[in-house]
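The values are calculated or read from the model by the stated rules, or taken from the named source; none is laboratory data. Predicted, not measured: the structure shown is a model, and the values here were computed from it. Glycine gets a Cβ as well: all are built from the backbone with ideal geometry, and neighbour counts include every protein chain shown. In case anyone asks, the SASA skips ligands and DNA or RNA and just uses the protein heavy atoms, side chains included. Shrake-Rupley method; radii C 1.70, N 1.55, O 1.52, S 1.80 Å.
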Amino acid sequence: MTDKGQKPRIAFFDFACCEGCQLTVLQLEEKLLDLLQHVEVVEWREAMSGKADSHDIAFCEGSITREADVQRIKTIRNTANTVVGLGSCACIGCHNALKNRWPMEDVVKVVYGSEAGQLDSIPARPITSVVNVDYRILGCPASLPEIDRVIKCILTGQEYPLPNQPVCVECKLNDTLCVLEKGEVCLGPVTRCGCNAICTAYGDACHGCRGLMDEANLMAAVKVLTAEQLHPIMEVVARRYDVGQDQVRQWFTMYNTPDLQLKEESEQT
Amino acid sequence: MTDSAHIQVHHVTRVEGHGDITVRIQDGTLEEVRFSVVEAPRFFEAFLRDRDYAEVTHLASRICGICAVSHRGAALKATEAAFGTKISDQSFLLRRLAFHGEVLSSHILHIYFLAAPDYLGVPSLLHLAEKDRDTVLRAMRLKQTAYDLCQWVVGRHTHPVAMNVGGFPFVHDAKPLGPLRERLEKSMADIRDTVSLFNTFSIPEFERETEYVSLSHPEHYALYDGNVVSSDGQRISPDQYRDFIEEYPVSYSTAKYARFNRPEYMVGALARVNNNFEHLSPFAQEVADLAALRAPCFNPFMNTTAQIVECAHCLEESIQIIDQLVERNIRAEEEQAEVIPRAGRGVGAVEAPRGTLFHEYAYDVNGACTSANLVIPTAQNLGNLEADMRAYAPGIVYQDEKAIAHALEMLVRAYDPCISCSTHVIKTTGSTPS
């Protein structure tokens, strides 16, 4: 990756987001200090002053929402040997893409009023739709154990395949009461695990922040999660639902709008 | 001596979000000083429309990774006001505890990771790890304690999982409170050491009296609740905020500014300490004394010191809240109040770590959001920050360009701006003022 004996140079970059994923990296606490023995942090605007001309490993957080971002992420990609998509804004577009569901002029007017000038704002999309990334860390915010694992994989030259099981698997291992049984909509059955099902453990439903699993059967999920569903296993649960398909679809858009738009487009063609 | 200079700091480092400093000096005279925000707009107020109230409050915390609990809290209060939902006394205590955890966490981040490196002469706190590991570990220990406090109440700090309209969707387990309380007590020694560290720094001597705005409560130091007060004398109910706080665009800047009585005002730790000093806990008042912070204080660089004082307060107050919770027992039936959506509008005002935060939502009869308005602390501070820069810069123009840029960066950092939060902040194509 670098000359022998030289520590790999790490940089952190942020695009449109809340910067919560970078903060999660700080939560590595003492592990972060250990990590510094193996890498050199050369740029991290949120945590240090100074800018670097080059870097080996780029952690990129946030979504692409401006024309200027497109060139910036390409430059970062060209400079780095390794690019890591840090968090769901970078990897799946997250709620940034919710604005894509409205006409851009309307969105600008609602927030800034009619006095707003020309804004450089384009439909939001994940970094991964503009450049290839070598590693993906998912979650809103990025999962701390996944950050830890990915850093180890990078430093030892291994790939990090994302887990491809639903959140339900981890939820069951936690012994948490199934949210569906409570009669609430939960996206656990189609969402990629790796969060240790933290939301359901604290009584919330899964909102799908880690993105859809590969080959997630969305049509089936929408049916199962609505009052119209006829799946025999879910019959007991079904009686408690009074939500319609539109509402369930709305839930899916919260974090996965870009993915859903792609799926809708491919269905239409 | 700088006769003529054009100083441009692109993307000030060690702040949350993206901002630039521009200074123009012509023949020894300061022609222009400004702080422009260049954050990519995210349009929360637009895309929250049509979303169900539970999604609105879920998404609200995503405005900011540092003050996620405050944004969620403001959204919950606004929504509960719109629906007429009343939370239990227990939920009220739990929410206050979460706020104390967040203020502690956010302040420690700023005090140690963002502000201290300037005084310590290092690019980041992590660069201190070899030379002074104890200081770095103290910062991390305090942050971890704050994080664990939030975790106990709401699942995690960024982003809170389990703080919903009407209360909490799970039953809190009181067992971890004992060890947590012990760690909070031990952290008080760490705060004393923090003051000792800061007392070795030479904080720039600069004063400019301004209008200080914060929440204020008759019984306690206001973070989660209270009315809005101005040091110029008003006390208003949060739902009147639109009548008193005027947001206005300025042609030369990239942000919407805000005025209360004067063209600019300050919110945040220093404003709170100035307005509510008598409600600080005894330990916090002791820390203020040790740090030579006397209210009212007009030095914006002392905002970081005011944050240390608030850390002391948050520790002591959290211990008190934990004792109250233990004494009254956690009652499962008090975790979640019934929520019946109805058409209406509500305002929620809280003290986020960086100052007073307003969320306002209107809902339709099904509880779907029809409009949202968010007024963010950093946006409120921008006018005041620029006024401070204009007042501070003439005293430092004799320095070289690098020194001027650094001094102004330090002033920006003292405000602990949180630009990601600034949902209204915008890049316009307006012209430079004449």
Rounded Å value of the spacing that divides the Cα centres of the range A:177-222 and the range B:376-400: 48
Spatially proximal lysines relative to A:Lys263 (Cα-Cα < 26 Å; intrachain offsets below 8 disregarded): A:Lys74, A:Lys99, A:Lys223
Please give the average number of partner chain Cβ atoms lying within 10 Å of the Cβ of each residue in A:103-109, rounded to a whole number. 2
In whole angstrom, note down how far apart the Cα centers of the range B:1-80 and the range A:45-65 are. 18
Skip the ligands, DNA and RNA, and give the accessible area per residue of the protein assembly as shown with a 1.4 Å probe, whole Å². 37
Checking the cross-link filter: which aspartates and glutamates have an alpha carbon closer than 13 Å to that of A:Lys109, excluding same-chain neighbours under 8 positions apart? B:Glu45
Helix axis angle, A:67-79 relative to chain A longest principal axis, alpha carbon, degrees: 60
Long-range amide H partners of A:Cys193, meaning residues 5 or more apart or on another chain whose placed amide H is closer than 5 Å, are A:Gln165, A:Val167
Order B:79-90, A:15-26 from most to least packed using the mean count of other Cβ atoms within 10 Å. A:15-26, B:79-90
Can you give me the angle between helix A:245-268 and the longest principal axis of chain A, using Cα atoms only, in degrees from 0 to 90, rounded to the nearest 10? 70
Part-to-part distance (alpha-carbon centres) for the range B:309-345 and the range B:122-201, which is given in Å: 19
Computed for A with B: buried accessible area summed over both chains, 1.4 Å probe, rounded to 100 Å², at 5600
Note on the range B:253-311: alpha-carbon gyration tensor, axes a ≥ b ≥ c; rule is a/c under 1.5 for rounded, else prolate if a/b larger than b/c, else oblate; result prolate
Result row for chain B, helices from DSSP H with C-alpha axial extent 30 Å or more and mean Kyte hydropathy at least -1.0, is B:133-154, B:177-199, B:303-328
What length, rounded to one decimal in nm, is gained on full extension from A:Asp106 through to A:Gln6, with 0.36 nm per residue of separation minus their alpha-carbon distance? 30.9 nm
Using every Cα-Cα pair within the protein assembly as shown, state what percent have a distance larger than 48 Å. 11
Reachable aspartates and glutamates from B:Lys86, criterion Cα separation under 12 angstrom, eight or more residues apart if same chain: B:Glu334, B:Glu335, B:Glu338
Tally up the carbon and sulfur contribution to the accessible surface of the range A:1-134 as a whole percent, 1.4 Å probe, everything protein left in place. 46
Just the Cα atoms of the range A:9-155, one point each, no solvent: what log10 I(q)/I(0) does Debye give at q = 0.10, 0.13 Å⁻¹? -0.36, -0.58
Ignore the peptide's own chain and count Cβ atoms of other chains within 10 Å of each Cβ in A:132-143; give me the average, rounded. 1
Of A:79-86, B:214-221, B:348-355, A:7-14, ordering from highest average Cβ density within 10 Å down gives B:348-355, A:79-86, A:7-14, B:214-221
Can you pull the mean other chain C-beta count within 10 Å for peptide A:91-98? 4
Please compute the Kirkwood hydrodynamic radius over the range B:44-422, one decimal place, Å, based on all pairs of different Cα atoms. 21.1
